[in-house]
């Protein structure tokens, strides 16, 4: 049994400006830091055995805000990095529409396309599946917290709950929010999603 406690990094400068980030990076805003600090008490009470982070600075900085009070070293894992958006990174939706990017026009209509120089959804899925297998082998019945990105959290939902690639985008995952999925022997349960005020007990005692 594992509970995947998934936290999206706090708001960044590019989040605020509504720019695609992907594999690029921008610093946390003060709002972003405050968003993560809201979780410190609940995460500390949860007493995780391990805190994971992607290798991107916005995720690492968020994870370190959680880990510092617990004196836990954050473990970076590249499999948790955000989906790369290639040439879209650093641009807003309005800028892409003005450029008349044909791939973005399809994306805007709900089609799953890969931007030029970007990463495919299948590649992201393989990374997250690999990470889940790793956790099942090494962290069964242990408490873990994962600080990562919106695309990755949606992919955890897809893989663990058996969703389609389109269905994973039905979920809103804002910066500085928590999503928890219970991975039990024969069933998975969505315990909370996009939460800004998690309960003191982050997860129930078992499958309910």
**Prompt:** Looking at (1) buried (at least 21 other Cβ atoms within 10 Å of the Cβ); (2) in contact with a strand residue (DSSP E or B) (Cβ under 8 Å, 6 or more places away or on another chain); (3) modelled with pLDDT of 95 or more, can you tell me which one residue 56 breaks?
**Reply:** (2)
**Request:** Could you list all residues from the stretch 48-60 that are more than 12 Å from residue 5 (Cβ to Cβ) and part of a loop (DSSP other than H, G, I, E, B)?
**Result:** 54, 55, 56
**Request:** Quick one: in the stretch 8-42, of everything that is part of a strand (DSSP E or B) and touching a helix residue (DSSP H, G or I) at 6+ places or on another chain (Cβ under 7 Å), which residue is nearest to residue 149 (Cα to Cα)?
**Result:** 8
**Prompt:** Which condition number in (1) modelled with pLDDT of 95 or more; (2) within 18 Å of residue 150 (Cα to Cα); (3) crowded, with 16+ Cβ neighbours inside 10 Å is the one that residue 114 fails?
**Reply:** (1)
**Prompt:** For residues in the stretch 61-76 being crowded, with 18+ Cβ neighbours inside 10 Å and not in a helix (DSSP H, G or I), which is farthest from the chain's Cα centre (by Cα)?
**Reply:** 72
**Request:** Of all residues in the stretch 127-142, count the ones that are out of contact with any helix residue (DSSP H, G or I) (no Cβ under 9 Å at 6 or more places or on another chain) and without any contact (Cβ under 8 Å) to a residue 40 or more places away in the chain.
**Result:** 3
**Request:** Considering only the stretch 43-73, state which residues are under 24 Å from residue 141 (Cβ atoms), touching a residue at least 40 places away in the same chain (Cβ under 8 Å) and touching a helix residue (DSSP H, G or I) at 6+ places or on another chain (Cβ under 8 Å).
**Result:** 43, 47, 48, 51, 52, 53, 66
**Request:** Report, by residue number, each residue of the stretch 117-131 that is within 25 Å of residue 190 (Cβ to Cβ) and either surrounded by fewer than 17 Cβ atoms within 10 Å (Cβ to Cβ) or modelled with pLDDT under 95 (or both).
**Result:** 121, 122, 123, 125, 126, 129, 130
**Asked** Restricting the search to the stretch 77-91, which residues are assigned to a loop (DSSP other than H, G, I, E, B) and under 30 Å from residue 50 (Cα atoms)?
**Response** 77, 81, 82, 83, 84, 85
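The values are calculated or read from the model by the stated rules, or taken from the named source; none is laboratory data. Since the model is a prediction, treat every value here as computed from it, not as a measurement. Every residue, glycine as well, gets a Cβ built from its backbone with ideal geometry; the counts of neighbours run over all protein chains shown.
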